[in-house]
Amino acid sequence: MEIDFDWLGKEILDRELNNEDRAALAEVMSVHEAPKGETIVTQGQPGGVLRILRSGRADVETEDVGGERVHIATVGEGALFGEMTFLTNDAASATVTAREDCVVYYITRDGLSKLMNTRQELVFALVAYMLLYAARVIRGMNEKHISMLHYITGQRL
């Protein structure tokens, strides 16, 4: 399977990709088809890889203190996962499993470093997407937190 550069440019990088951009990305990015039920990321595995969900949906789960699985989210097209471990190089904090057939793009920290030497504008676009995505996640968490506080205190929204 090939990288869908038109989609990547439009939906993730917010720019049209020329031939040089496409060639540079092709050198550092890989594609994986994950069939329904496949574990894409395992909690505790080494970090340093950013994954972009091109298509399909995946479940994000983590283990609580008692070892029970806790469903965190179901993510779809355009979702990032592994972004925290990509930035920190820490172990994965959650397990991601394909809820349906998925196509996932991968880029490593080394790949991003290589890209920084030649295509800084692509790196900027990718980091900008990571920040916007993180902001959406945090905003959603804040909304849930506020709702929970209102519930606990008996206040109606």
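Determine whether segment 54-70 contains at least one residue that is under 13 Å from the mean Cα position of the chain (by Cα), closer than 22 Å to VAL28 by Cβ and at pLDDT 85 or above. Scanning segment 54-70 turns up at least one residue that is under 13 Å from the mean Cα position of the chain (by Cα), closer than 22 Å to VAL28 by Cβ and at pLDDT 85 or above. Counting only helices (runs of 4 or more DSSP H) that sit wholly inside segment 43-157, those with at least 2 residues that are aliphatic (A, V, I, L, M) and within 21 Å of ASP4 (Cβ to Cβ) are 109-118, 120-153.
Filtering segment 36-56 to residues that are of a type outside the set (A, V, I, L, M, F, W, C), within 27 Å of ASP110 (Cα to Cα) and out of contact with any Phe, Trp or Tyr (no Cβ under 7 Å at 6 or more places or on another chain) leaves GLU38, THR39, THR42, GLN43, GLY44, GLN45, PRO46, SER55, GLY56.
Among the residues making up segment 1-22, those that are in contact (Cβ under 8 Å) with a residue 40 or more places away in the chain, within 15 Å of LEU126 (Cβ to Cβ) and out of contact with any helix residue (DSSP H, G or I) (no Cβ under 8 Å at 6 or more places or on another chain) are TRP7, GLU11.
Considering only residues in segment 14-42 that are among the polar types (S, T, N, Q) and in a loop (DSSP other than H, G, I, E, B), the one that is farthest from THR97 (Cα to Cα) turns out to be ASN18. Quick check, is LEU87 in contact with a Phe, Trp or Tyr (Cβ under 7 Å, 6 or more places away or on another chain) and either touching a residue at least 60 places away in the same chain (Cβ under 8 Å) or not charged (D, E, K, R) (or both)? Considered against the rule, which asks whether it is in contact with a Phe, Trp or Tyr (Cβ under 7 Å, 6 or more places away or on another chain) and either touching a residue at least 60 places away in the same chain (Cβ under 8 Å) or not charged (D, E, K, R) (or both), LEU87 comes out as no.
The values are calculated or read from the model by the stated rules, or taken from the named source; none is laboratory data. Just so it is clear, the structure is predicted and the values come from calculations on it, not from any experiment. Cβ sites come from the backbone with ideal geometry, for glycine too, and all protein chains shown count toward neighbours.
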